[in-house]
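One structure below.
The values are calculated or read from the model by the stated rules, or taken from the named source; none is laboratory data. The shown structure was predicted, so the numbers you read here are calculated from the model rather than taken from an experiment. Virtual Cβ from ideal backbone geometry, glycine too; neighbours counted across all protein chains shown.
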Amino acid sequence: MSEKKQIFLLKLSISLGLVLLLTGIYLHNYSEFIDSLGANGIIISASFIAFGFVFSLPTKMYLTFLLVKREANSQQKKQEKTSKKTSSK
């Protein structure tokens, strides 16, 4: 899998996680239907929040790791180019 596709999928996973988190918060705080379900409603809204965390937090850490790694590689390539230029002079 290419790096661009992998980054796209990670960003998609983060977006899905944030949507699930916001949906869970909305259901827990503002939905009358969830209130009418009682304890089952709390379980449903908590499930949305839990799955939102599952989709968003680990992928954020991995995406950050990928981006830092990419930046380090580009910095290293720039340094190699500048060292080649100075050694050839």
ask   = Does M1 satisfy the criteria of being outside any helix (DSSP H, G or I) and either aliphatic (A, V, I, L, M) or modelled with pLDDT under 85 (or both)?
value = yes
query = Scanning for something loosely packed, with under 10 Cβ neighbours inside 10 Å, over 18 Å from the mean Cα position of the chain (by Cα) and on the phi > 0 side of the Ramachandran plot, does region 37-45 turn up at least one residue?
reply = yes
Lone qualifier among K60, K85, K69 - being within 13 Å of the chain's Cα centre (by Cα) and either in a helix (DSSP H, G or I) or within 30 Å of S2 (Cα to Cα) (or both) = K60
